[in-house]
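Asker: Right, I'll just put the structure down here and ask away after.
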C-alpha cells in the first residue's frame, strides 16, 4: 500500500528541526501524491483518513455547549427560540474574545448588516 511507495519516506513525519510533524500535515503530504497520469494515488485511503481525523477525541466541547445552554435557558426563559439562544451565545463568545464589552469594535459594516 502507501507505505511501500518509494516517494513516501520516514522523514516525512519529522520537521527540519527533528520534531514530529502534526498528523494532518503528514497526511496532507500523502494526499498530494499522484500517479503517472496526475491522478491522486490514494483517494480511497484519504477518504478514510479524513473520516478518522474528523472524529472528535472527546465530549468536552459538547458538554461545554450544554452547560452554557443551561445557564442561558433558565426557568423564566424556557420559551426562547433557537435563533435567540444562538444570538445570546454569539454575543457571549464575542464578549469573551474581546475580554470586555467596551473593547468590541463597532464598525459601519456591522451597523449596516444589522439594519438590513
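The values are calculated or read from the model by the stated rules, or taken from the named source; none is laboratory data. Predicted, not measured: the structure shown is a model, and the values here were computed from it. Virtual Cβ from ideal backbone geometry, glycine too; neighbours counted across all protein chains shown.
Asker: Is at least one residue of the range 31-48 at positive phi and not assigned by TED's automatic domain parsing to the domain that holds residue 92?
Answerer: yes
Asker: Is it the case that residue 113 is in a helix (DSSP H, G or I) and more than 30 Å from residue 10 (Cβ to Cβ)? Outline the logic, then answer.
Answerer: Details: in a helix (DSSP H, G or I): yes; more than 30 Å from residue 10 (Cβ to Cβ): yes.
When the stated conditions are applied, residue 113 passes them.
Asker: Mind checking which residues of the range 94-116 are surrounded by fewer than 11 Cβ atoms within 10 Å (Cβ to Cβ) and under 20 Å from residue 74 (Cβ atoms)?
Answerer: 96
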